[in-house]
Amino acid sequence: MEKTRFIREKYNRNSKFYNLFEFPIEFFLYKHWRKKLFDKVKGSMILEVGVGTGKNFKFYNNNRIIGIDISEGMLSRAKLAAREKGIRLIQMDAQKLAFFDNTFDTVVSTFVFCSVPDPVKGLKEIKRILNPKSQVLFIEHVLPKNRIIGWVFNKLNPIIRSLTGVNINRKTVENICSAGFKIIKQENLFFSIFKFITAKPLK
Ligand SMILES: C[S@@+](CC[C@H](N)C(=O)[O-])C[C@H]1O[C@@H](n2cnc3c(N)ncnc32)[C@H](O)[C@@H]1O
């Protein structure tokens, strides 16, 4: 609970500068990856977890999209884009989703599970609300496999975390498996610092 409040407050505080701060990496990398992810979004019931300022919204062409985020500051910046696309925004913790079991066809999560305090708990919640034929699409920061870069990331993590709420050393692929998913595809991005992961719930 303490950790969740810390993350929420961090993102509330940083929400004012978030888009500005992210602009270079968004321009050169993220926007291309987002486009690729959205080619795979399917179904009529879509949940996006940790929508942030709504950077994914322009890519949606689906019917019923719900976006959640823990931070009211980030959500307030996503409001306008959400209204244009008819996306329903709710302030909610990914670790405690207020949805029925087997509800969604696709869950989207971009750069979120580096911040969720208990990632496996959040991933288990996603598994619960996905229907058996569904999928989850992630783009996430991970601990790089290279031993030297991994060592540097582990050393830097406490500083990055205290400034931004982001962990740069999470083993997210392993966490996804522990939560009860089957990895369908994983693709290394930018020196394997990021991964594009497609997974299915084992139900
Ligand atoms: C790095 S930002 C990414 C935002 C957006 N997905 C994007 O691609 O730009 C991480 C987001 O996850 C949200 N978040 C962190 N922990 C969360 C949780 N437990 N439940 C829901 N959202 C959470 C943060 O508030 C923040 O908006």
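The values are calculated or read from the model by the stated rules, or taken from the named source; none is laboratory data. Remember, it's a predicted structure, so these values are computed and weren't measured experimentally. Every residue, glycine as well, gets a Cβ built from its backbone with ideal geometry; the counts of neighbours run over all protein chains shown.
See the values below:
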{"read-out": "Only one of 174, 187 that is surrounded by fewer than 17 Cβ atoms within 10 Å (Cβ to Cβ) and not in a helix (DSSP H, G or I)", "value": "187"}
{"read-out": "When residues of the stretch 17-36 are limited to those that are out of contact with any Ser or Thr (no Cβ under 9 Å at 6 or more places or on another chain) and of a type in the set (D, E, K, R), the one surrounded by the fewest Cβ atoms within 10 Å (Cβ to Cβ)", "value": "35"}
{"read-out": "Residue 67 being closer than 23 Å to residue 118 by Cβ, within 13 Å of the ligand (Cβ to nearest atom) and in contact with a strand residue (DSSP E or B) (Cβ under 9 Å, 6 or more places away or on another chain)", "value": "yes"}
{"read-out": "Selected residue [more than 25 Å from residue 199 (Cβ to Cβ), within 10 Å of the ligand (Cβ to nearest atom) and at pLDDT 95 or above] from 18, 30", "value": "18"}
{"read-out": "Candidates 42, 85 - the one that is in contact (Cβ under 8 Å) with a residue 24 or more places away in the chain, of a type in the set (D, E, K, R) and under 21 Å from residue 182 (Cα atoms)", "value": "42"}
{"read-out": "Qualifying residue in the stretch 145-152 (condition: away from the ligand (no atom under 14 Å from the Cβ), part of a strand (DSSP E or B) and either out of contact with any Cys (no Cβ under 8 Å at 6 or more places or on another chain) or modelled with pLDDT under 95 (or both))", "value": "no"}
{"read-out": "Conditions (1) loosely packed, with under 15 Cβ neighbours inside 10 Å; (2) closer than 28 Å to residue 203 by Cβ; number of the one not met by residue 5", "value": "(2)"}
{"read-out": "Test: residue in the stretch 118-136 that is part of a strand (DSSP E or B), farther than 22 Å from residue 180 by Cα and in contact with an Asp or Glu (Cβ under 7 Å, 6 or more places away or on another chain)", "value": "no"}
{"read-out": "Residue pairs meeting the criteria (Cβ under 7 Å; at least 6 apart or on separate chains; first among the small types (Gly, Ala, Ser), in the stretch 174-195; second assigned to a helix (DSSP H, G or I))", "value": "178/120; 179/120; 179/123; 179/124; 179/127; 180/124; 180/127"}
{"read-out": "Residue count for the stretch 28-57, restricted to those that are closer than 20 Å to residue 125 by Cβ and more than 13 Å from the chain's Cα centre (by Cα)", "value": "4"}
{"read-out": "Filtered residue count, the stretch 87-132, keeping only those that are closer than 24 Å to residue 163 by Cα, near the ligand (Cβ under 10 Å from one of its atoms) and of a type in the set (A, V, I, L, M, F, W, C)", "value": "7"}
{"read-out": "Residue that is in contact with a Gly (Cβ under 6 Å, 6 or more places away or on another chain) and either surrounded by fewer than 20 Cβ atoms within 10 Å (Cβ to Cβ) or not hydroxyl-bearing (Ser, Thr, Tyr) (or both), where the choices are 136, 108, 41, 51", "value": "51"}
